[in-house]
Amino acid sequence: MTEIDLKIVREKAEKEIRAAQNRADLERIFHSYLGKRGQIALLFKELKDLSEEQRRGMGQKMNELKKYLEKILTQKKSILARVKGGAKKAEPSRFDLDRPGRKPEIGHLHPLTQTKREIMAIFASMGFVVAAGPEMENEWYNFDALNIPKDHPARDAWSTIWIKSPESTKLLLRTHTSPVQARYLEAHPPPLRIIVPGKVFRYEATDASHESQFYQLEGLMVDKKVSAASFKAVIAEFMKRFFGKNLEFRLRPDFFPFTEPSFDVAMTCLTCSGRGCPVCKKTGWLEVAGAGLVHPNVLRFSGLNPEKWQGWAFGFGWDRLAMMKYKIDDIRLFNSGNLRFLEQF
Ligand code: PHE
């Protein structure tokens, strides 16, 4: 045995330790060199074949080699402990201050809020101002002031959620945004143009296109000379800008006690491109608004002279507009709290 043997062992061990990937590798290397039957132990056994003098010199060198190998094994062990995939448990993890941070999730506006803002911007550019009214209304504004007297069968058209209250005027959750017409007319002299985006409530079963709590956009224009033609022009402009293209829509005769004549606005169902689906009840058309020329009684109840003033009004289902724009096939998704749905907007 010579010093060359020691050198060969040292270099081989160094190489293996450098290449070690994990704790198990180091374990194996330790046994093969420093274990009971390891290479160092074998070399020690060979010492007896040497002369006394050689033995002393080689013995010292072998001890040094042994210490050296122990040292570099320990060093490698702590390096591996810090590296991913290494012996994770061996050392507590360290903060890596250079690592780019993870952005916290910030929410975004609900699709209905986004739609509302778009609608408001379009009407604002046509001179409409935004008005609001209470969600809990009284019977007068929700019905009487809109020419729907007590016991009139027309009241059945709005399945009402009544509120128990000791007051003499009965309270309810507004069934439409039309009461804001009456409230606004009472307080503001014409000419005027308003829109009223708001939440409304009906005591009704839900399905793909009906919710018991939904959203309307009321519109009202009162001036000296106002006609159904100007209504149609405003709606056409609105639809074109909201949907980004010229769409087919149609006015059909309808009945509302607070407008005369009355019509409804139906548009091609965009969920199925007019082919027929559950949203449009297989008709290809979806009713998106009720409308008409303001009934003289409504003007009269608000203190205006119907000989002097005329107006038109509409009430859009603004959640239906959002459904059409984004091809949403079930109105109930809006209130579902389903993040997979909401994150798409
Ligand atoms: N308020 C009516 C409804 O809820 C819609 C409407 C508004 C009709 C304005 C005419 C004028 O059905």
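Since every read-out is calculated from the coordinates, none of them should be taken as a lab result. Computed from a predicted structure; not experimentally measured. Quick reminder, even Gly has a Cβ in these numbers, built from the backbone with ideal geometry, and neighbours come from all protein chains shown.
Worth pointing out:
- Each label point was placed 7 Å from the Cα along the Cα-to-Cβ direction; for Arg275 and Glu167 their separation is 5.1 nm.
- Using the alpha-carbon positions of the range 250-345, Rg (one decimal) and Dmax (whole number) come out as 17.4, 54 Å.
- Going from the residue with the fewest nearby Cβ atoms within 10 Å to the one with the most, Ile72, Ile4, Ile79 rank Ile4, Ile79, Ile72.
- Sequence-distant contacts, meaning Cα pairs under 8 Å at least 6 residues apart, place the relative contact order of the chain at 13 percent.
- Relative contact order [Cα under 8 Å, 6+ residues apart], the range 3-86, whole percent: 39 percent
- Distance between the 7 Å Cα→Cβ label points at Asn305 and Arg82: 9.2 nm.
- The range 111-342 - Debye-derived log10 I(q)/I(0), Cα point model, q = 0.07 Å⁻¹: -0.22
- Ranked packing of 6-13, 134-141, most packed first, by mean Cβ within 10 Å: 134-141, 6-13
- Distance (nanometres) between label positions extended 7 Å along Cα→Cβ at Lys240 and Thr206: 3.7 nm
- Per residue, the convex hull spanned by the Cα atoms of the range 3-86 measures out at 68 cubic angstrom.
- Cα-based shape type of the range 240-282, given that a ≥ b ≥ c are square roots of the gyration tensor eigenvalues and the cut on a/c is 1.5: oblate
- The sum of -39500 (n - 2.57) across all DSSP H runs of n ≥ 4, divided by the residue count of the chain, sets its helix-only mean residue ellipticity at 222 nm to -12000 deg cm²/dmol.
- Dividing the radius of gyration of the alpha carbons in the range 171-263 by their Kirkwood radius gives 0.98 for Rg/Rh.
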